[in-house]
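Visitor: Have a look at this one before I ask anything.
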Amino acid sequence: MSASEQRERLAELAPEKVEELDAEEEEDDQILPDLPNVDEHDEVRMRMAPNPNGPWHLGSARMPSVIGTYKEMYDGWMLCRFDDTDPETKRPDLDAYDEILEAVDFLGFEPDEVIKASDRLDVYYDHARELIDLGGAYTCSCSGEAFSDMKNSGEACPHRDKDSETVHEEFEDMVAGEYESGEMVLRVKTDITHKNPALRDFVAFRMIDTPHPREEAAEYRCWPMLDFQSGIDDHLTGITHIIRGIDLQDSAKRQGFVYDYFGWEYPEVVHWGHVQIDAYDVPMSTSTIIEKIEAGDLTGWDDPRAPTIASLRRRGIRGEAIVDAMVELGTSSSNVDLAMSSIYANNRDMIDEETDRAFLVREDGPDVEGAVTMPVSGGPDAAEPPVHPNHEDRGRRHVPVDDAVMLEAGDVPEAGERVWLKGFGCVRREDGALVATGDDLDVVRAGDVPVVHWAPADGPRIRLRTMDGDVTGVAEPGVVEYDEDTMLQFERVGFARLDDLDSDPAVAYYAHP
RNA sequence: GCUCCGUUGGUGUAGUCCGGCCAAUCAUUUCGGCCUUUCGAGCCGAUGACCUGGGUUCAAAUCCCAGACGGAGCACCA
């Protein structure tokens, strides 16, 4: 009886038990901790705030995974806000906006709304003007270094007590672009003697000479800093819960000063630590990946060696497998290591039942010992292994033997010894050839004969792209008859996604064992 | 230097608020067994953790103090 049949049957016999079952399941399903004070809000409203300075690496998947899962948990609302307010040092990549939204879609989530900070400068300017009226901001022409020195010793800078009229004039000049980069900033007046130096009078707006890459925003020169922009937007978009990294731990306190000036209430905040992923040599940073691609060390964002969402996607790993692993990490504020094996286990679980089997003999590549072609005599002309060992109804593959087969070097039997060619039968090595013995399966059960995969010597050539580099080999003929994008399990090798069958050799991407 | 935060097996996580049901949960990994014409899956089993030292208590992973270790911020980056 299948699970759904069991359920139906139970519903007939004891409806109240089904409810119990549901309640239990619901409890089990909640893998994320409750958000704080959810009851105090009509709707849980959250935002993800990516910087579109490049496509996403794997760590970036945590944001939509966790926020999206909370959205589902609370039937909430999710905004995607591109925080693209630095046209210079974190210069936006015009393609990244869509690439990021595609990645979110791949992970199985959809934002309820998408906005770009660079469309909203006038909103930020208006709030700055209001803040100046409230006595909460001042224009400052100190050099960064000079201000830092004063700030660290708890001294106010001479510009702090300017009258608001002057501040307004100077701010309007900033907006008009009449200062050069570095000449003038607008600071939020917090508490210059606050015991935490990180909270003392922070910059809200600065001048940037480099035009924004988006045409719509190219004329602006006066740009808000993250703490100001993000704080204003969170309030205006009605965000109730902010979930972000520990690098922004002090932001809530900094922005709290602005909220106090405006009489706003700060959202609930959850901070999580950094996530590192094992199994990669390449550091998980957008800039490092860009460098590696430019240097030719990686073939692109979807190179199997790149720790990116695009890479896992090309390898045939489902977004859901990534999301589940990310959600399992929880929202702890300490740094965590995500094991790729966890993503692999999730994915295997999802695809194993529906993935057809095939043979691939690896001949050359990292950690590959080589392959050997050996003549075969006796036995049938072809082997007919099942398409899927658990599903006989899916039929059998047809793998011709053609007088010679290829074996991985490690599978070649010693002279006089036997191996079982999967789907074909038992053979013994005699004078450099493999001779069918006619033994039945009992010899395998007895543990005397290893079972190995093999391929016809003239089978299609395959290039398998892996995290460790490219592996070439020979497959059974049926492999190139599939559609591209199909997942296959190369027996004793691992799962792979067929990528390009028109090229020679045909290309597949290795997913995981 | 100043200020915050954290520390449960290899990895992640539950439990910590409100001390006892915790000789500590679940997942993954690793290893073994069964099954299986592979690997995987499935089933069974094993290994493996409360940062350290004090204190409070009948009782501490949980409360208190001190320390160690780790992380983050103190940017005209996000």
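The values are calculated or read from the model by the stated rules, or taken from the named source; none is laboratory data. Note that this is a predicted model, so its numbers are computed, not measured. For neighbour counting, all protein chains shown are included, and Cβ atoms are generated from backbone atoms with ideal geometry for every residue, glycine included.
Visitor: Could you tell me which of the residues A:Ile67, A:Ile115 is buried (at least 21 other Cβ atoms within 10 Å of the Cβ) and among the hydrophobic types (A, V, I, L, M, F, W, C)?
Guide: A:Ile67 is the lone residue from the list that is buried (at least 21 other Cβ atoms within 10 Å of the Cβ) and among the hydrophobic types (A, V, I, L, M, F, W, C).
Visitor: Enumerate the pairs (first residue in the stretch A:116-144 and closer than 11 Å to A:Leu186 by Cα; second residue anywhere and among the polar types (S, T, N, Q)) with beta-carbon separation below 6 Å, excluding pairs fewer than 6 apart on the same chain, so at least 6 apart or on different chains.
Guide: From residues that are closer than 11 Å to A:Leu186 by Cα, the pairs are A:Ile132/A:Ser164.
Visitor: Got a sec? Which of A:Ile277, A:Ile208, A:Ile232, A:Ile293 is among the aliphatic types (A, V, I, L, M), surrounded by fewer than 21 Cβ atoms within 10 Å (Cβ to Cβ) and over 30 Å from A:Arg465 (Cβ atoms)? Give the steps one after another, and end with the answer.
Guide: On the way: A:Ile277 fails: over 30 Å from A:Arg465 (Cβ atoms); A:Ile232 fails: surrounded by fewer than 21 Cβ atoms within 10 Å (Cβ to Cβ); A:Ile293 fails: over 30 Å from A:Arg465 (Cβ atoms).
Sole residue among the options that is among the aliphatic types (A, V, I, L, M), surrounded by fewer than 21 Cβ atoms within 10 Å (Cβ to Cβ) and over 30 Å from A:Arg465 (Cβ atoms): A:Ile208.
Visitor: On to the next question. Among the listed residues A:Glu476, A:Glu481, A:Glu491, identify the single one that is without any contact (Cβ under 8 Å) to a residue 24 or more places away in the chain and of a type in the set (D, E, K, R). Break it down into steps so the answer makes sense when it comes.
Guide: Numbers: A:Glu476 fails: without any contact (Cβ under 8 Å) to a residue 24 or more places away in the chain; A:Glu491 fails: without any contact (Cβ under 8 Å) to a residue 24 or more places away in the chain.
Unique residue meeting the criteria: A:Glu481.
Visitor: Would you be able to say whether some residue in the stretch A:410-427 is in the same structural domain as A:Phe495 (by TED's automatic domain parsing), in contact with a Ser or Thr (Cβ under 6 Å, 6 or more places away or on another chain), within 10 Å of RNA strand B (Cβ to nearest atom) and not in a loop (DSSP other than H, G, I, E, B)?
Guide: Scanning the stretch A:410-427 turns up at least one residue that is in the same structural domain as A:Phe495 (by TED's automatic domain parsing), in contact with a Ser or Thr (Cβ under 6 Å, 6 or more places away or on another chain), within 10 Å of RNA strand B (Cβ to nearest atom) and not in a loop (DSSP other than H, G, I, E, B).
Visitor: Could you look through the stretch A:381-399, keep only residues that are over 14 Å from A:Ala358 (Cβ atoms) and more than 11 Å from RNA strand B (Cβ to nearest atom), and pick out the one that is nearest to the chain's Cα centre (by Cα)?
Guide: A:Asp393
Visitor: Another question, then. Tally up the residues in the stretch A:182-233 that are assigned to a loop (DSSP other than H, G, I, E, B), free of Cβ contacts under 8 Å to residues at least 40 places away in the same chain and near RNA strand B (Cβ under 7 Å from one of its atoms), please.
Guide: Count: 2.
Visitor: Another question, if that's okay. Can you give me the number of residues within the stretch A:456-488 that are under 20 Å from A:Ala371 (Cα atoms) and within 23 Å of the chain's Cα centre (by Cα)?
Guide: Within the stretch A:456-488, residues that are under 20 Å from A:Ala371 (Cα atoms) and within 23 Å of the chain's Cα centre (by Cα) number 6.
Visitor: Does A:Ala252 satisfy the condition of being over 30 Å from A:Leu134 (Cα atoms) and either without any contact (Cβ under 8 Å) to a residue 60 or more places away in the chain or surrounded by fewer than 17 Cβ atoms within 10 Å (Cβ to Cβ) (or both)?
Guide: Working: over 30 Å from A:Leu134 (Cα atoms): no; either without any contact (Cβ under 8 Å) to a residue 60 or more places away in the chain or surrounded by fewer than 17 Cβ atoms within 10 Å (Cβ to Cβ) (or both): yes.
It is false that A:Ala252 is over 30 Å from A:Leu134 (Cα atoms) and either without any contact (Cβ under 8 Å) to a residue 60 or more places away in the chain or surrounded by fewer than 17 Cβ atoms within 10 Å (Cβ to Cβ) (or both).
Visitor: For the stretch A:164-175, check the following and say yes or no: at least one residue is in a loop (DSSP other than H, G, I, E, B) and either within 14 Å of RNA strand B (Cβ to nearest atom) or buried (at least 16 other Cβ atoms within 10 Å of the Cβ) (or both).
Guide: No, there is no match, as no residue in the stretch A:164-175 is in a loop (DSSP other than H, G, I, E, B) and either within 14 Å of RNA strand B (Cβ to nearest atom) or buried (at least 16 other Cβ atoms within 10 Å of the Cβ) (or both).
Visitor: Show me the helices (runs of 4 or more DSSP H) found entirely inside the stretch A:61-152 where at least 2 residues are of a type in the set (S, T, N, Q) and within 13 Å of RNA strand B (Cβ to nearest atom). Working first, answer last.
Guide: Numbers: elements: A:62-74, A:96-106, A:121-133, A:144-152.
Answer list for the stretch A:61-152: A:144-152.
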